[in-house]
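**Q** Would you mind keeping the following structure in view while I ask a few things?
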Amino acid sequence: MIDTFRHKGMRKQMVAEITEKGIYDSGVITALESVPRHLFLDNAFLEFAYQDKAFPIGAGQTISHPYTVAFQSQLLQIKKGEKILEIGTGCGYQTSILCYLGAKVFSIERQKSLYDKTKLLLPSLGYSPKLFFGDGYKGLPSFAPFDKIIVTAGAPFIPEALKEQLKIGGTLIIPVGDGKVQQMFSLKKTTDTLFVTKEHGDFKFVPLLEQKAQ
Ligand code: SAH
């Protein structure tokens, strides 16, 4: 598949829709206008790629709504060169948005089939994050600390390891809740043990699973 003027037009329309819902960060808007979301989905979903919807990506998982990706990216306030840990690579769309924003991205996925597929796809689109197959609850201690951490699956609780692996002054964005709906939280680390926590409304994510990949 390729990226055509028609796809670019559809992206503009998608971005218009999400700015109406409250996305205002110009870097995030440019990233969503630029990264070709249809290339992350199976051909069957081509016509739907630019609707503000979640879609199946295999292994029982979904690509997040573009609005959710934009919202989490906006909360992260990424500056070029920052070291970001993402939990839940999935199809790599959010990962690519972070790369586009100039972050140095480390991303973990627990489904082997998705990890394998995304590891091939992203370099072919010109993005070069460091991808890991493993359990996001543990983070990546050997690459810590991180400037920012983003979790893209619904967590029943906030994993201690992720709080530990954040730099002082850094931010963790995580949807928390084990029901159908999660609350989006941002945690700013002010000292080794102190966090300023804010809540940012309800979202729906697939669960952050606790056992190791099958
Ligand atoms: N950012 C992704 C969203 C994918 S959905 C995208 O843009 O496509 C969330 C992803 O988190 C799924 O791929 C799921 O397999 C993964 N996941 C769930 N529990 C996990 C865990 N414990 N560690 C790492 N990844 C996990």
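The values are calculated or read from the model by the stated rules, or taken from the named source; none is laboratory data. Source: prediction; values computed, not measured. With ideal geometry, Cβ positions are generated from the backbone for all residues, glycine too; neighbour counts draw on all protein chains shown. Side chains included, ligands, DNA and RNA excluded: accessible areas come from the protein's heavy atoms. Shrake-Rupley method; radii C 1.70, N 1.55, O 1.52, S 1.80 Å.
**Q** With a cut-off of 11 Å, note down the residues of segment 152-192 whose backbone N falls inside the zone around a label point 7 Å from the Cα of V206 toward its beta carbon.
**A** Flagged as within label range: 153-154.
**Q** Another question, then. Which part of segment 44-59 falls in the paramagnetic zone of L120, meaning amide N under 20 Å from the point 7 Å along Cα-to-beta-carbon?
**A** 44-46, 56-59
**Q** Where the eigenvalues come from the Cα gyration tensor of the chain, what are the semi-axes √(5λ) of the equivalent ellipsoid, largest first, in whole Å?
**A** 26, 19, 17
**Q** Excluding ligands and nucleic acids, what accessible area in Å² is computed for K112 using a 1.4 Å probe, to the nearest 10?
**A** 80 Å²
**Q** Counting Lys +1, Arg +1, Asp -1, Glu -1, what net charge surrounds L194 among other residues with beta carbon under 15 Å of its beta carbon?
**A** +2
**Q** If each residue of separation counts as 0.36 nm, what is the full-extension length gain between K138 and K80 once their alpha-carbon separation is subtracted?
**A** Answer, rounded to one decimal: 18.3 nm.
**Q** Mind checking which helices in the chain clear 30 Å along their axis (Cα) and have mean Kyte-Doolittle hydropathy of -0.5 or more, DSSP H runs only?
**A** none
**Q** Return the tail of the calculated pair distribution for segment 155-214, meaning the percent of Cα-Cα pairs more than 16 Å apart.
**A** 47 percent
**Q** Go ahead and set up a Gaussian network model of the chain, Cα springs under 10 Å, then flag whichever of L46, L85, L140 fluctuates most.
**A** Looking only at L46, L85, L140, the biggest GNM fluctuation is shown by L46.
**Q** Also: Ignoring everything but the protein chains, give the 1.4 Å probe accessible area of S128 in square angstrom, nearest 10.
**A** Counting only protein heavy atoms, the figure is 100 Å².
**Q** I would also like to ask the following. Can you compute the helix-only [θ] at 222 nm over the chain? Use -39500 (n - 2.57) per DSSP H run of at least 4 residues, normalise by all residues, nearest 500 deg cm²/dmol.
**A** Value at 222 nm, helices only: -8500 deg cm²/dmol.
**Q** If you take every DSSP beta bridge whose two residues both sit in the chain, what share of them, in percent to the nearest 5, is antiparallel?
**A** 45 percent
**Q** Measure off 7 Å from each Cα along the Cα-to-Cβ vector at I158 and T62, then give the distance between these two points in nanometres to one decimal.
**A** So the two model labels end up 2.6 nm from each other.
**Q** How far apart, in nm, are two points set 7 Å out from the Cα along the Cα-to-Cβ line at D3 and at D178?
**A** 4.1 nm
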